[in-house]
Amino acid sequence: MIWQGHIHLGDEPGIYGDALYSGLSTEIPITLERTSTSGPERTTLVLETEDVQTFEGYPGHQITVYLHVPDPEQPFHSDQVVLTRTRLTSADNNRKEIRVNLAGRQSPYHVSVQIRQDTEVPAGALDDFQVTRLSNVATDFGYIASYGFTPPPVN
(Lines give C-alpha, C1' and ligand atoms only; values in the text may rest on other atoms or scores of the structure.)
Protein backbone atom coordinates (compact mmCIF):
# COMPACT_ATOMS: atom_id res chain seq x y z
CA MET A 1 0.00 0.00 0.00
CA ILE A 2 1.24 3.49 -0.89
CA TRP A 3 -1.64 5.66 0.29
CA GLN A 4 -5.03 5.16 1.97
CA GLY A 5 -7.76 7.68 2.80
CA HIS A 6 -10.98 9.16 1.46
CA ILE A 7 -10.91 11.70 -1.39
CA HIS A 8 -14.31 12.65 -2.79
CA LEU A 9 -14.54 13.47 -6.50
CA GLY A 10 -17.76 14.80 -7.96
CA ASP A 11 -20.04 17.82 -8.00
CA GLU A 12 -21.95 17.44 -4.71
CA PRO A 13 -19.70 18.48 -1.79
CA GLY A 14 -20.50 16.98 1.59
CA ILE A 15 -22.21 13.72 0.63
CA TYR A 16 -19.27 11.80 2.14
CA GLY A 17 -18.84 13.28 5.59
CA ASP A 18 -15.45 11.68 6.26
CA ALA A 19 -13.83 12.49 2.91
CA LEU A 20 -11.70 15.34 1.61
CA TYR A 21 -13.69 16.98 -1.19
CA SER A 22 -11.36 17.70 -4.09
CA GLY A 23 -13.91 18.53 -6.80
CA LEU A 24 -13.21 17.31 -10.32
CA SER A 25 -9.72 15.85 -9.93
CA THR A 26 -6.96 14.80 -7.59
CA GLU A 27 -3.32 13.85 -8.14
CA ILE A 28 -1.26 11.61 -5.85
CA PRO A 29 2.57 11.95 -5.91
CA ILE A 30 4.63 8.80 -5.37
CA THR A 31 8.23 7.69 -5.69
CA LEU A 32 9.02 4.31 -7.23
CA GLU A 33 12.44 2.71 -6.84
CA ARG A 34 13.75 -0.30 -8.69
CA THR A 35 15.15 -2.92 -6.31
CA SER A 36 16.73 -5.25 -8.86
CA THR A 37 18.29 -4.99 -12.31
CA SER A 38 16.64 -8.22 -13.40
CA GLY A 39 12.97 -8.80 -14.06
CA PRO A 40 10.37 -6.75 -15.91
CA GLU A 41 10.80 -3.01 -16.35
CA ARG A 42 7.22 -2.38 -15.33
CA THR A 43 5.03 -2.34 -12.27
CA THR A 44 1.31 -2.28 -11.60
CA LEU A 45 -0.43 0.43 -9.62
CA VAL A 46 -3.78 -0.56 -8.13
CA LEU A 47 -6.34 2.20 -7.56
CA GLU A 48 -9.26 1.38 -5.27
CA THR A 49 -12.43 3.45 -5.06
CA GLU A 50 -15.94 3.38 -3.59
CA ASP A 51 -19.27 4.11 -5.30
CA VAL A 52 -18.06 4.46 -8.91
CA GLN A 53 -21.23 4.35 -11.04
CA THR A 54 -20.57 5.57 -14.55
CA PHE A 55 -23.24 6.02 -17.21
CA GLU A 56 -23.34 3.89 -20.34
CA GLY A 57 -22.35 5.90 -23.40
CA TYR A 58 -19.75 7.95 -21.49
CA PRO A 59 -16.02 7.08 -21.41
CA GLY A 60 -15.58 7.02 -17.61
CA HIS A 61 -13.18 8.74 -15.27
CA GLN A 62 -9.71 9.37 -16.69
CA ILE A 63 -6.62 8.09 -14.89
CA THR A 64 -3.28 9.47 -16.07
CA VAL A 65 0.09 8.36 -14.73
CA TYR A 66 2.83 10.95 -15.21
CA LEU A 67 6.59 10.69 -14.84
CA HIS A 68 8.23 13.90 -13.60
CA VAL A 69 11.67 14.29 -15.17
CA PRO A 70 14.28 17.07 -14.97
CA ASP A 71 14.07 19.55 -17.84
CA PRO A 72 17.49 19.34 -19.54
CA GLU A 73 17.20 22.91 -20.84
CA GLN A 74 16.15 24.61 -17.59
CA PRO A 75 17.90 23.84 -14.31
CA PHE A 76 15.54 23.35 -11.33
CA HIS A 77 12.56 22.70 -13.65
CA SER A 78 10.82 19.48 -14.60
CA ASP A 79 8.56 18.15 -17.32
CA GLN A 80 5.61 15.79 -17.03
CA VAL A 81 5.72 12.79 -19.35
CA VAL A 82 2.58 10.68 -19.77
CA LEU A 83 3.40 7.05 -18.96
CA THR A 84 -0.12 5.73 -19.44
CA ARG A 85 -3.79 6.70 -19.59
CA THR A 86 -6.82 4.57 -18.85
CA ARG A 87 -10.45 4.92 -17.79
CA LEU A 88 -12.25 3.91 -14.59
CA THR A 89 -15.84 2.71 -15.08
CA SER A 90 -18.49 0.75 -13.20
CA ALA A 91 -17.20 -2.39 -14.93
CA ASP A 92 -13.96 -2.13 -12.91
CA ASN A 93 -15.88 -2.84 -9.68
CA ASN A 94 -14.01 -0.09 -7.78
CA ARG A 95 -10.57 -1.58 -8.48
CA LYS A 96 -8.39 -0.55 -11.42
CA GLU A 97 -5.04 -2.15 -12.21
CA ILE A 98 -2.77 0.25 -14.10
CA ARG A 99 0.28 -1.24 -15.78
CA VAL A 100 3.19 1.20 -15.90
CA ASN A 101 6.12 0.66 -18.26
CA LEU A 102 9.35 2.19 -16.93
CA ALA A 103 11.74 0.81 -19.56
CA GLY A 104 14.53 3.21 -20.44
CA ARG A 105 13.84 5.42 -17.40
CA GLN A 106 16.15 6.15 -14.47
CA SER A 107 15.30 5.10 -10.88
CA PRO A 108 14.10 6.67 -8.63
CA TYR A 109 10.95 7.48 -10.58
CA HIS A 110 8.88 10.49 -9.49
CA VAL A 111 5.39 9.55 -10.60
CA SER A 112 1.97 11.05 -10.04
CA VAL A 113 -1.41 9.41 -10.50
CA GLN A 114 -4.15 11.83 -11.57
CA ILE A 115 -7.80 10.83 -11.30
CA ARG A 116 -10.13 13.13 -13.22
CA GLN A 117 -13.92 13.14 -13.16
CA ASP A 118 -15.67 12.24 -16.44
CA THR A 119 -16.73 15.77 -17.46
CA GLU A 120 -18.48 14.64 -20.63
CA VAL A 121 -21.40 13.98 -18.27
CA PRO A 122 -23.53 17.13 -17.89
CA ALA A 123 -22.86 19.34 -14.86
CA GLY A 124 -25.12 18.36 -11.97
CA ALA A 125 -25.17 14.71 -13.05
CA LEU A 126 -21.52 13.82 -12.36
CA ASP A 127 -20.70 10.55 -10.62
CA ASP A 128 -19.74 11.24 -7.00
CA PHE A 129 -17.26 8.65 -5.73
CA GLN A 130 -14.31 8.23 -3.39
CA VAL A 131 -10.67 7.34 -4.03
CA THR A 132 -9.69 5.12 -1.09
CA ARG A 133 -6.36 3.40 -1.76
CA LEU A 134 -3.35 3.32 -4.06
CA SER A 135 -1.03 0.30 -4.02
CA ASN A 136 1.96 -1.00 -5.95
CA VAL A 137 2.19 -4.64 -7.07
CA ALA A 138 5.51 -5.57 -8.66
CA THR A 139 6.78 -8.98 -9.73
CA ASP A 140 9.26 -10.29 -7.14
CA PHE A 141 9.14 -6.89 -5.39
CA GLY A 142 11.11 -5.41 -8.30
CA TYR A 143 9.79 -1.95 -7.43
CA ILE A 144 9.02 -0.38 -4.07
CA ALA A 145 6.85 2.68 -3.69
CA SER A 146 6.47 5.50 -1.18
CA TYR A 147 3.98 8.32 -0.82
CA GLY A 148 5.26 11.71 -1.99
CA PHE A 149 8.33 12.66 -3.97
CA THR A 150 11.70 11.94 -2.40
CA PRO A 151 14.11 14.86 -2.77
CA PRO A 152 16.87 14.50 -5.37
CA PRO A 153 20.31 13.47 -4.10
CA VAL A 154 22.64 16.29 -3.11
CA ASN A 155 25.84 16.33 -5.18
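The values are calculated or read from the model by the stated rules, or taken from the named source; none is laboratory data. Note that this is a predicted model, so its numbers are computed, not measured. Note: ideal-geometry Cβ built from the backbone for every residue, glycine included; neighbour counts use all protein chains shown. Only protein heavy atoms, including side chains, enter the accessible area calculation; ligands, DNA and RNA are left aside. Shrake-Rupley method; radii C 1.70, N 1.55, O 1.52, S 1.80 Å.
Extension gain, L20 to A103: 0.36 nm times the residue separation minus the Cα-Cα distance gives 26.4 nm. In this rough spin-label picture, where each label sits 7 Å from Cα along the Cβ direction, the T84-F141 distance is 2.2 nm. Residues considered: S36, S112, S25. Largest GNM mean-square fluctuation over the chain, using C-alpha springs under 10 Å, is found at S36. For the chain, the convex hull drawn through the C-alpha positions has a volume of 134 cubic angstrom per residue. Report in % the part of the accessible area of the chain that belongs to carbon and sulfur, leaving out ligands and nucleic acids; probe 1.4 Å. For the chain, the apolar C and S fraction of the accessible surface comes to 48 percent.
About its Cα centre, the chain has a charge dipole of approximately 600 debye under the convention of +1 per Lys or Arg Cβ and -1 per Asp or Glu Cβ, with nothing else charged. Dipole orientation for segment 90-155: of the candidates Q117, L134, F149, F149 has the Cα lying most toward the positive pole (charges on Cβ; Lys, Arg +1; Asp, Glu -1).
Average accessible surface for the chain: 57 Å² per residue, computed with a 1.4 Å probe over protein heavy atoms with every protein chain in place. Between R95 and T150, the modelled label-to-label distance comes to 2.9 nm, taking each label 7 Å out from Cα in the direction of the beta carbon.
GNM remark for the chain: springs join alpha carbons under 10 Å apart, and the peak mean-square fluctuation among I144, I15, I30 falls on I15.
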